Amino acid sequence: MGTRVPRWLAVAVTTAAVAFSGAGFASAAPSDPPSAPPAGSATPTPAQSGSSTPSPSVTSPSAAPFKASLVYATGTVVVRGTASATGPSLGTLQRGNYVGTRDAGNGTARLGDWTAVNYQGRQAWIATRAISSTRPAPAPRPKFSAQLVYATTTVSVRVSPSTKSKSRGTLQRGQYVGTRDAGNGTARQGSWTAVNYKGARSWIASQYLTTTRVAPAPKPRPKPRPAFTKHIVYATATVPVRVSPSLAARSIANLQRGNHVSAVGIARRGFTPVKFKGRTAWVQTSYLSRSKPAPNPQRLDNRCLSGLVVCISKRDQKLRLVRNGKILITLDARFGRPSEPTREGSFKIFWKNKNHVSTLYGSKMPFAMFFSGGQAVHYSSDFAARGYIGNSHGCVNIRSWSGIQYVWNHAPVNTKVVVYR
């Protein structure tokens, strides 16, 4: 019993034999064609095996699935809508900001020099050179360096960087302060500068500061006092001459309307210094004029032309003491209010009280000379202080202390009093 030949070896031998046979035919000379097989014989056909040799199968490798990752901006970088430097800008990433990558359609996030990313829910593109798979170190914070800043005008120093913030004080033009770190390595925060003011961090609007020295605002020059020239002044009404520039000062005389004195200095507190009978005295400036007033018409009532009469005119607001038609003294007079008018007519002084006090109002009525019921001629400190702003309760007010003294001394009880318009 012979040895069994393996099928693979038999196939190999048969194949080699066929190849050799073919090679033999190919190498024969063209002049010697192959002899035909003998008639009646057929070319032997190689026996076919019941099973063919299996061909090896080829398996193509499958693509790996895309895996997204985070990428970080290494600086300020533009995010574009297409993978091109001319693509529309969708926004920017600052250094250290990150986004996730997306499939560029080729199983990776890369397309040329661009990387596909997910930006605000859509596919976008960032230049690959501007991103990194590792977070970049933060940009080094600048080292703060304080310096002096000068106010260019008067400016408020505030508690916080806002015009609505409380003011800590002011800097005048030319004054300076030192800057402080605003918390970002510089002194600036928006339009404000952080400064050191009275030991606390404060804020000044940057537009009012400069790093160069500013000359302080020039101090206003005092106005030169006008040169005074001695001149004549006239009384526009009968007015007291006082020892000092005050309504409370003692009166030494009355300057009658139209009379004049020399003004010898600049007015103080509403009084003008004048030369009066060889001495310096004071007269209310409002009663003085450089021009002589027109003489007052002496419109005396006919009842005032005979005997001694206290003649009182409501029309020109004057009291005149008259003897036989000759005016001895003229004084300013004030009368009752419309609801309490001073009675008009011819009367007589029936009672005098030098230090009278009103029993109705409690007010002082010095040198009171009663002529009609409770109405009297008397001195009024209110009239002296406020002039014709107020009114009396019906009495005849006199504002000249020395003038009322004169009338008191020269008008005894039973002297006629005439009040008229």
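Some values worked out for this structure:
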read-out: Kirkwood-type radius of the stretch 85-131, with distances r between different C-alpha atoms, in Å; value: 11.0 Å
read-out: Calculated Rg and Dmax of the stretch 148-210 using C-alpha coordinates, Å; value: 10.2, 28
read-out: Cα convex hull volume per residue for the stretch 231-289 (Å³); value: 67 Å³
read-out: Size-normalised alpha-carbon gyration radius of the stretch 302-420, reference 2.2 N^0.38 Å; value: 0.95
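Here, each number is a calculation from the coordinates, and none is a lab measurement. Computed from a prediction, not measured in an experiment: that's the story for all the values here.
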